[in-house]
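Trainee: Here it is, the structure in full.
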Amino acid sequence: MPEIAAPKGTRDILPEEFTARRWLLETHRGVAESFGYRAIETPIIEATELFSRGVGTETDIVEKQMFTFEDRGGRSLTLRPEGTAGTLRAVLGSHLDQEVRPVRVHYAGPFFRAERPQAGRQHQFTQVGIECIGEGSPGLDAEIVEVAWRFFRALGITGIRLQVNSLGGPEDRARYRAALVDYYTPLEASLCDDCRRRLHTNPLRLLDCKRDAGLVAGAPLLWDSLDRASRDHFTAVLRDLEAAGIDAIRNDRLVRGLDYYSDTVFEFWHDTLQGAQSSLGGGGRYDGLAELLGFPATAATGYALGVERILMVARALGTVPGIEPAAETLVCSVEPGQAEAAAGMARLLRDAGARTVLDVADRRLDRKLRGAGRVGARVAVIVGENEVAEDSAVVRDLDGRSQQTVPIAELIATVTRILGGTS
RNA sequence: GUGGCCAUAGCUCAGCUGGUUAGAGUGCCAGGUUGUGGCCCUGGAGGUCGCGGGUUCGAAUCCCGCUGGCCACCCCA
């Protein structure tokens with residue numbers, strides 16, 4: 001019988017990594033809540049239409065990256081590839097925005113994309129994100145960037161390169177798309193294969209091409225297609241970011257892959273991640289998404305960040321806190337005969353709040369004490385024949401290498417004194 | 001989805017141009033110490049050589065397919 005392995009593109013989160021992720025997730029929660037964002041959780045499966053309508057039919061995500069299946073009633077469902085559409089659906093569908101505006105929410109959870117896996121790109125991955133729904137002021141674009149900025153700072157991650165751009169409104173984008181097509185069409189013969197395809201499917205993507213960089217340099221600028229309102233909006237965002245002390249790099253070629261963005265878009269890059277995976281996450285304003293999903297027009301802005309990638313950077317930078325030992329106390333019997341007495345003492349210690357491992361296996365005492373070091377315990381409580389006879393225990397300070405025999409009544413006090421003293 | 005590299009013990013890896021019982025380090029278990037750890041010594045367990053087929057007298061080694069990982073592209077988290 002072959003062993004069953006985790007499905008392709010998925011990974012198990014073992015205790016050590018779990019601890020690091022918890023640190024990251026808790027840090028994000030703390031920063032988001034310090035700005036008044038509240039936690040939300042939405043389903044992992046959604047109607048396929050949520051993404052085909054929201055994210056855009058001709059985007060890569062919807063075209064070829066979704067895990068889609070039919071339920072027993074023949075409805076098409078999809079494992080969510082991103083979080084914004086579902087969150088907006090949840091907030092507007094429940095009329096949360098009728099109570100306060102804007103609605104500020106944060107979330108964390110698994111997402112799924114069927115791309116070829118490699119480091120930092122898995123079928124199942126984790127994102128933390130926030131959405132600010134119900135108001136269109138540029139100050140809120142700056143606010144969410146500031147949340148992310150503080151989040152990275154709280155993790156101790158330096159060297160973040162924040163890229164910002166404005167895509168303008170739908171009309172601006174249509175105008176720009178036309179300008180790009182006008183520019184590239186005469187050059188079509190000299191384009192690379194990918195670009196020739198992009199010219200007809202998704203002209204904005206032409207700006208991403210590395211091979212035709214020379215042509216990109218001469219392409220029309222997005223900024224020139226923006227109307228007055230979008231220019232003012234973006235100028236205000238840049239001003240607010242500067243006021244917040246955030247270094248934003250204007251990148252006229254930054255075009256995010258999802259159709260629903262309008263005006264402000266941004267991405268966070270870091271150089272310790274190699275090439276294709278240099279993006280830690282991004283976001284932007286998506287004032288048009290609500291209507292695409294059938295809700296009243298509602299302005300909104302938000303971001304999503306990749307937990308696994310950020311963890312890779314934090315690890316490379318050495319900012320991940322050391323893992324806590326599994327237990328601070330180990331209680332062991334000398335022989336199996338003292339198992340019950342030892343178990344009783346372990347209960348006392350746990351009641352007193354000490355994380356305690358019990359080892360009453362039938363093996364040599366020195367092996368059990370070796371185990372104490374392995375779980376990270378700083379105190380060993382040893383119970384043998386003599387101790388049972390006189391209702392006492394040997395309390396050994398594993399760091400100080402000293403020990404004493406104490407009555408059970410003094411066990412807790414003795415152990416907590418040692419634990420308190422060394423920490 | 002396209003192209004390339006890789007897959008040997010729990011972990012990190014060696015195994016030359018196919019040759020007999022597949023190795024090391026580390027970890028694990030045990031003994032040295034019939035009640036005392038992080039060092040040391042000794043011994044032991046543990047491997048369908050990713051899976052399936054083919055070539056050959058003989059395959060961990062060569063060929064094909066599959067699965068999985070990694071890298072690049074695509075794109076993004």
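The values are calculated or read from the model by the stated rules, or taken from the named source; none is laboratory data. Since the structure is predicted, the reported quantities are computational estimates derived from the model, not experimental observations. FYI the Cβ positions are ideal-geometry reconstructions off the backbone, even for glycines, and counts take in every protein chain you see.
Trainee: A:Gly93: free of Cβ contacts under 8 Å to residues at least 24 places away in the same chain and either buried (at least 20 other Cβ atoms within 10 Å of the Cβ) or over 20 Å from the mean Cα position of the chain (by Cα) (or both), yes or no?
Mentor: So A:Gly93 fails the test.
Trainee: Here is a follow-up. When you scan the stretch A:383-394, do you find a residue that is at pLDDT below 90 and crowded, with 19+ Cβ neighbours inside 10 Å, even just one?
Mentor: For the stretch A:383-394, residues at pLDDT below 90 and crowded, with 19+ Cβ neighbours inside 10 Å: absent.
Trainee: Got at least one residue in the stretch A:40-54 being at pLDDT 95 or above, loosely packed, with under 13 Cβ neighbours inside 10 Å and part of a strand (DSSP E or B)?
Mentor: no
Trainee: In the stretch A:160-208, which residues are within 16 Å of RNA strand B (Cβ to nearest atom) and basic (Lys, Arg)?
Mentor: Listed by number, the residues that qualify are A:Arg161, A:Arg173, A:Arg177, A:Arg196, A:Arg197, A:Arg198, A:Arg205.
Trainee: Evaluate the stretch A:382-398: report whether one residue or more is within 14 Å of RNA strand B (Cβ to nearest atom), part of a helix (DSSP H, G or I), outside the structural domain of A:Arg153 (by TED's automatic domain parsing) and among the small types (Gly, Ala, Ser).
Mentor: First pass over the stretch A:382-398, keeping only residues within 14 Å of RNA strand B (Cβ to nearest atom): A:382-398.
With the extra rule that they be part of a helix (DSSP H, G or I), the set shrinks to A:385-390.
Subsequent filtering for residues that are outside the structural domain of A:Arg153 (by TED's automatic domain parsing) retains A:385-390.
If we keep only those that are among the small types (Gly, Ala, Ser) as well, we get A:389.
Scanning the stretch A:382-398, I find at least one residue that is within 14 Å of RNA strand B (Cβ to nearest atom), part of a helix (DSSP H, G or I), outside the structural domain of A:Arg153 (by TED's automatic domain parsing) and among the small types (Gly, Ala, Ser), so the answer is yes.
Trainee: Can you name every residue in the stretch A:399-419 that is over 42 Å from the mean Cα position of the chain (by Cα), modelled with pLDDT under 90 and not in a strand (DSSP E or B)?
Mentor: Once the filter is applied, which keeps residues that are over 42 Å from the mean Cα position of the chain (by Cα), modelled with pLDDT under 90 and not in a strand (DSSP E or B), the stretch A:399-419 yields only A:Arg401.
Trainee: Which ones in the stretch A:14-37 are outside any helix (DSSP H, G or I), surrounded by fewer than 14 Cβ atoms within 10 Å (Cβ to Cβ) and away from RNA strand B (no atom under 14 Å from the Cβ)?
Mentor: Passing the criteria: only A:Gly36.
Trainee: Given the conditions (1) surrounded by 13 or more Cβ atoms within 10 Å (Cβ to Cβ); (2) small (Gly, Ala, Ser); (3) at pLDDT 90 or above; (4) in contact with a Ser or Thr (Cβ under 9 Å, 6 or more places away or on another chain), which single one is not true for A:Ala372?
Mentor: Unmet condition: (3).
Trainee: Considering only residues of the stretch A:252-275 that are within 9 Å of RNA strand B (Cβ to nearest atom) and more than 18 Å from the chain's Cα centre (by Cα), which is modelled with the highest pLDDT?
Mentor: Looking at residues that are within 9 Å of RNA strand B (Cβ to nearest atom) and more than 18 Å from the chain's Cα centre (by Cα), I get A:Val255.
Trainee: I'd like the full set of residues that are more than 30 Å from A:Pro7 (Cα to Cα), aliphatic (A, V, I, L, M) and either part of a strand (DSSP E or B) or not assigned by TED's automatic domain parsing to the domain that holds A:Thr301 (or both), limited to the stretch A:71-127.
Mentor: Correct list: A:Val103, A:Val105.
Trainee: A further question follows. List every residue pair whose Cβ atoms sit under 8 Å apart, with the two residues 6 or more apart in sequence or on different chains, where the first one lies in the stretch A:299-316 and is touching a residue at least 40 places away in the same chain (Cβ under 8 Å) and over 12 Å from A:Ala119 (Cβ atoms) and the second, anywhere, is within 9 Å of RNA strand B (Cβ to nearest atom) and of a type in the set (Asp, Glu).
Mentor: Once the first residue is touching a residue at least 40 places away in the same chain (Cβ under 8 Å) and over 12 Å from A:Ala119 (Cβ atoms) and sits in the stretch A:299-316, its partners that are within 9 Å of RNA strand B (Cβ to nearest atom) and of a type in the set (Asp, Glu) give A:Ala304/A:Glu82.
Trainee: Check A:Arg198, A:Arg211 and return the single one that is closer than 25 Å to A:Val62 by Cβ and either at pLDDT below 90 or outside the structural domain of A:Ala304 (by TED's automatic domain parsing) (or both).
Mentor: A:Arg198
Trainee: Sticking with this structure for a sec: Residues that are closer than 30 Å to A:Leu411 by Cα, at least 2 per element: which helices (runs of 4 or more DSSP H) completely within the stretch A:273-367 meet that?
Mentor: A:339-351
Trainee: Report, ordered by the first and then the second residue, all pairs with beta carbons closer than 8 Å, sequence separation of six or more or different chains, a first member in the stretch A:363-375 that is more than 18 Å from A:Ser402 (Cα to Cα), and a second member that is within 6 Å of RNA strand B (Cβ to nearest atom) and at pLDDT below 90.
Mentor: Once the first residue is more than 18 Å from A:Ser402 (Cα to Cα) and sits in the stretch A:363-375, no partner that is within 6 Å of RNA strand B (Cβ to nearest atom) and at pLDDT below 90 comes close enough.
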